[in-house]
Amino acid sequence: WRERIASPPLAGRVEYRGYVPDADRQAVYAGARLLVLPSFNEGFGMPVAEAMSLGVPVIASNCGSLPEVSGGAAVLVEPEDVVGISHAMERLLFDTALARRLAEEGLRQSTRFEWTSAAARTRPASDRAIETSRRRGGRSPRSARPWLAGAALPGDRSRSGPGPLATARGTYHEGSRP
């Protein structure tokens, strides 16, 4: 496939990048007309969230986490359907109204993954856990084990790469559920 993109008619029009460092990623996305991610399995789908946060229309596979991450703001395709992927690419490249609509919807969808909205959704659960622990009267410190949960969040539009690590701390008591 690398030889195919280095030969006409793709030479000079398609580029293989490999790993793109965080410092360069925002510029790469900002210069893209669309992101195509026909992945068979994505853990979270960070490229989709990053592209959407920069207003880049997205074509992603309809499996793994990508349908949820894209939230209806992307064209979803079967990852093994090469013809379907090429039709989706052609459609987004030539249907500027559709590309613009998906870019706008993607910007809205990407706000679900910003630090402030993640913190706002996480805070009530943390508050409930603290209140439940207080109602139980606490436990002996010897039976308590500390826990730390974290989730990497996409960066905001003002910087490249992932955003801050959203963390929550608490204490797990033997025999109790958080």
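Just so it is clear, none of the values below were taken in a lab; they were calculated from the coordinates. This is a predicted model, so every value here is computed, not measured. FYI the Cβ positions are ideal-geometry reconstructions off the backbone, even for glycines, and counts take in every protein chain you see.
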request  = Please report how far the C-alpha centroid of segment 66-94 lies from that of segment 1-60, rounded to the nearest whole angstrom.
outcome  = 13 Å
inquiry  = If R₀ is 25 angstrom, what is the calculated FRET efficiency for the pair T111 and M89, using the beta carbon separation as r and rounding to 0.05?
reply    = 0.45
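What FRET efficiency would be calculated for the residue pair F40, S126, taking the C-beta separation as r and a Förster radius of 35 Å, to the nearest 0.05?
Efficiency, from the Cβ-Cβ distance: 0.50.
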remark   = Among segment 56-94, those whose backbone N falls under 19 Å of a label point 7 Å along Cα→Cβ from A30 are 56-58
remark   = Highest mean packing first, using Cβ neighbours within 10 angstrom, the peptides 56-64, 89-97 sort as 56-64, 89-97
key: Highest average packing first - 100-107, 127-134, 11-18, 79-86, Cβ atoms within 10 Å   = 100-107, 79-86, 127-134, 11-18
inquiry  = Could you derive backbone 3J(HN,Hα) for segment 92-109 from the dihedral phi with the Karplus parameters 6.51, -1.76 and 1.60 (θ = phi - 60°), listing whole Hz in sequence and x where the residue is Gly or Pro?
reply    = 6, 6, 10, 9, 5, 5, 5, 4, 5, 4, 5, 4, 5, 5, x, 4, 5, 4
ask   = How much FRET efficiency would the formula 1/(1 + (r/R0)^6) give for E80 and A23, where r is the Cβ-Cβ distance and R0 is 35 Å, rounded to 0.05?
value = 0.55
note = Dividing the alpha-carbon radius of gyration of segment 3-135 by 2.2 N^0.38 Å, where N counts its residues, gives 1.27
